[in-house]
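Before any comments, here is the structure.
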Amino acid sequence: MNTVTCIIGGVSHPMLIDSGAEANLITGVAWEELKLAGIEVISCEKGSNRVLKSYANNIPLTVLGTFLAVVQVAARTVEAEFFVIQGGQRSFLGDATSKQLGILKVGLEIDQISERLQPLSKISGICVHIHLDPNIKPVFQPMRRVPVALEDAVNNKLEELMARDIIEEKKGPVSWVPPLVVVGKANGEPRICLDLRRVNEAVMRERHPMLMIDDFLARVGPNMIRSKLDVKDSFLQLELDEASRDAMVFLTARGLYRFKRMPFGLVSAPEVFQKTMDAILAGSEGTWWYIDDVYIEG
């Protein structure tokens, strides 16, 4: 059966996906269990004026009440209305909410070939070394627990990062271990980040000059057509040398990993990438750049 575990108002509850249902239905028994578990609702009302009927049955369902709550599946969350019905054997997640959560997709996928993930491109000829103050003692920080609802999505993301040559498994002893942070993206996917605050305290920055907004305004020509380009996965296109990777180790439920590329959150990353772009684009007429943003006029 197409059942998915949802987090409804902070409480885990299995829901049957029904593409033919126009509403989200919770059985009366399940509603009592959710209340005992401390479900958090945005609003709640007794009864309903809406008439709901089951498939091939003209007898209306008895609606005990409705409530509005946040429902979460993996890293995606939406606000949804639920109807509490008398009786019933299963709780149903309707068509609209299933699509909003990305659980239910409509469309033909016949003769489609899944594209194998390729390693992320990297800027050739550059290998970044992170200079650390030897007087600062390395810190091993404990693992931050990933919510159960996000475990599968995070594991899939780790596999993706491995396939794209961004991270690798870490073997042997470790010194620096910053904690892993999982952040939800707008599209519902998790973003794997590191909390590098303790590592950044030991980073010896290069202090490369960074342009100010006044520098850009002074260079903008009148009556020009301008384009803006953005470097995709900018920092991750710079490879770390072997010594620097051991400061980018993080702990997961599946073991230790480390970044092979320069991660976001590193205090020296903007300056390092700006220095790289300066070397690549120097001498390009009508072109100005700031970190991973490139402006072209003509």
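The values are calculated or read from the model by the stated rules, or taken from the named source; none is laboratory data. What you see is a predicted model; the values in this text were computed from it and never measured. Ideal geometry is used to build each Cβ from the backbone, glycine not excepted, and the neighbour counts take in all protein chains shown. What goes into the accessible areas is simple: the full protein's heavy atoms, side chains included, and nothing from ligands, DNA or RNA. Shrake-Rupley method; radii C 1.70, N 1.55, O 1.52, S 1.80 Å.
Just a few scattered comments:
- Among residues of the range 37-61, those that are of a type in the set (V, I, T) and at pLDDT below 90, counted: 2
- For the range 184-193, the count of residues that are among the acidic types (D, E), open to solvent by 40 Å² or more (accessible area, probe 1.4 Å) and farther than 21 Å from P119 by Cα is zero.
- When we screen S12, S19, S98, S48 for residues that are assigned to a strand (DSSP E or B) and of a type in the set (S, T, Y), the only hit is S12.
- Residue match in the range 221-237 (condition: in contact with a helix residue (DSSP H, G or I) (Cβ under 6 Å, 6 or more places away or on another chain), open to solvent by less than 50 Å² (accessible area, probe 1.4 Å) and at pLDDT 90 or above): yes
- Contacts under 6 angstrom Cβ, first residue in the range 200-217 being within 29 Å of V249 (Cβ to Cβ), partner hydroxyl-bearing (S, T, Y), 6 or more apart: V203/S268; R205/S268
- Restricting attention to the range 55-95, the residues being assigned to a loop (DSSP other than H, G, I, E, B), more than 15 Å from G28 (Cβ to Cβ) and more than 22 Å from the chain's Cα centre (by Cα) number 6.
- Residue match in the range 68-85 (condition: at pLDDT 90 or above, of a type outside the set (S, T, Y) and exposed (fewer than 14 other Cβ atoms within 10 Å of the Cβ)): yes
- From I42, I7, residue being touching a helix residue (DSSP H, G or I) at 6+ places or on another chain (Cβ under 6 Å), within 20 Å of S98 (Cβ to Cβ) and open to solvent by 20 Å² or more (accessible area, probe 1.4 Å): I7
- Residues of the range 278-297 that turn out to be more than 34 Å from the chain's Cα centre (by Cα) and on the phi > 0 side of the Ramachandran plot, as a count: 2
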